Amino acid sequence: MSKNTDPKRLEVAPIGYANGVAPGFPLNDSEKEQMIDEATEAYGKFLDALKCDWRNDPNSSNTPRRVAKAYVLDLWKGRYNSMGDITSFPSDGYDGIVIERNIPLTSQCSHHHQTISGVVHIGYVVGDEGRVIGLSKLNRIVEHFGRRGAIQEQLTSAIHHAINEICEKNRGVIVTIVSQHNCVRCRGVKHQGAAMVTTKASGVFMETGNAARQEFFDSLKINNGNHQI
Ligand SMILES: [Zn+2]
């Protein structure tokens, strides 16, 4: 067994950036409460600037605190909370491909703070004497890096990097994200239905004509529709 979720090893974005962890990470409960108080006050001023009479509007009077809590406890929780230990295990002779597809993704674009929603497909090939992790841990890694501000390209790389580090002695890791961005749907060009697809691959998945790469992309076509967003 090994515990290998040291942020120094897994985090690639600079501390403090929207897609990085907060200074002092991980925050304790009282630090998060203080952050919610300060963000509540600041969001009230933000609404003041938008000439919203939120103090007298019964639907908006508690909105600054709701928004602050949503950021600290849900939308950006990956910046403040450790993902906990992820234990890896010997593969016990299994040297094939492991694929988990259709992992739900909820994230937020760093540029506009609009929702990104979609799915993540992950595959890795276990090496001789390599290590595997529990399947749900892949979901936890997606949650940890998704629940922040993000640029989809960098988010794809961050998830790939973490799996590559945790699944030691792997022969390749591949991560594909298919998502829709509310900043495209609801503002600017206002196009519905456009999906962004990004893939980060390493090891055998980089080899042209590699069977594992083919198997990964073929698996995404099985029960076509399940991985639609
Ligand atoms: Zn955006």
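The values are calculated or read from the model by the stated rules, or taken from the named source; none is laboratory data. Note that the coordinates shown come from a computational prediction; the quantities given were computed from them, not determined experimentally. Reconstructed Cβ throughout: ideal geometry from the backbone, glycine too, with neighbour counts over all protein chains shown. What goes into the accessible areas is simple: the full protein's heavy atoms, side chains included, and nothing from ligands, DNA or RNA. Shrake-Rupley method; radii C 1.70, N 1.55, O 1.52, S 1.80 Å.
Residue by residue, here is whether (1) touching a Lys or Arg at 6+ places or on another chain (Cβ under 9 Å); (2) surrounded by 19 or more Cβ atoms within 10 Å (Cβ to Cβ) holds:
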residue: 131; (1), (2): yes, yes
residue: 140; (1), (2): no, no
residue: 186; (1), (2): no, no
residue: 207; (1), (2): yes, no
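Would you confirm whether any residue within the range 168-176 is acidic (Asp, Glu), modelled with pLDDT under 95, within 30 Å of residue 15 (Cβ to Cβ) and in a loop (DSSP other than H, G, I, E, B)? Let's see the steps before the verdict.
First, the residues of the range 168-176 that are acidic (Asp, Glu): 168.
With the extra rule that they be modelled with pLDDT under 95, the set shrinks to 168.
Right, trim to within 30 Å of residue 15 (Cβ to Cβ) and you get 168.
Next cut, in a loop (DSSP other than H, G, I, E, B) only: 168.
Yes; the residues of the range 168-176 include at least one that is acidic (Asp, Glu), modelled with pLDDT under 95, within 30 Å of residue 15 (Cβ to Cβ) and in a loop (DSSP other than H, G, I, E, B).
For (1) assigned to a loop (DSSP other than H, G, I, E, B); (2) polar (S, T, N, Q), each residue gets a yes or a no:
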position	(1), (2)
100	no, no
104	no, no
107	no, yes
116	no, no
119	no, no
129	yes, no
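Given the criterion open to solvent by 10 Å² or more (accessible area, probe 1.4 Å), within 15 Å of the ligand (Cβ to nearest atom) and within 24 Å of residue 7 (Cβ to Cβ), identify the matching residue among 177, 151.
Of 177, 151, the one residue that is open to solvent by 10 Å² or more (accessible area, probe 1.4 Å), within 15 Å of the ligand (Cβ to nearest atom) and within 24 Å of residue 7 (Cβ to Cβ) is 151.
Quickly run through the range 154-174 and pick out the residues that are open to solvent by 40 Å² or more (accessible area, probe 1.4 Å) and over 22 Å from residue 21 (Cα atoms).
Initial filter on the range 154-174 (open to solvent by 40 Å² or more (accessible area, probe 1.4 Å)): 154, 157, 161, 164-165, 168-169, 171.
The answer is 168, 169, 171.
List the number of the failed condition for residue 182; all other conditions in (1) surrounded by fewer than 18 Cβ atoms within 10 Å (Cβ to Cβ); (2) more than 16 Å from the ligand (Cβ to nearest atom) hold.
Here residue 182 clears every test but (2).
Exactly one condition in (1) assigned to a loop (DSSP other than H, G, I, E, B); (2) more than 19 Å from residue 161 (Cβ to Cβ) is not met by residue 84; state its number.
(2)
Would you please name the residue that is nearest to residue 84 (Cα to Cα), looking only at residues in the range 188-203 that are open to solvent by 30 Å² or more (accessible area, probe 1.4 Å) and within 16 Å of the ligand (Cβ to nearest atom)?
Restricting to residues being open to solvent by 30 Å² or more (accessible area, probe 1.4 Å) and within 16 Å of the ligand (Cβ to nearest atom), the top hit is 196.
Looking only at the range 21-68, how many residues end up being assigned to a helix (DSSP H, G or I) and either over 27 Å from residue 8 (Cα atoms) or open to solvent by less than 70 Å² (accessible area, probe 1.4 Å) (or both)?
The number of residues fulfilling the criteria is 22.
Quick one: how many residues across the range 10-52 are closer than 25 Å to residue 152 by Cβ, of a type in the set (A, V, I, L, M) and touching a residue at least 40 places away in the same chain (Cβ under 8 Å)?
Residues flagged as closer than 25 Å to residue 152 by Cβ, of a type in the set (A, V, I, L, M) and touching a residue at least 40 places away in the same chain (Cβ under 8 Å) within the range 10-52 amount to 6.
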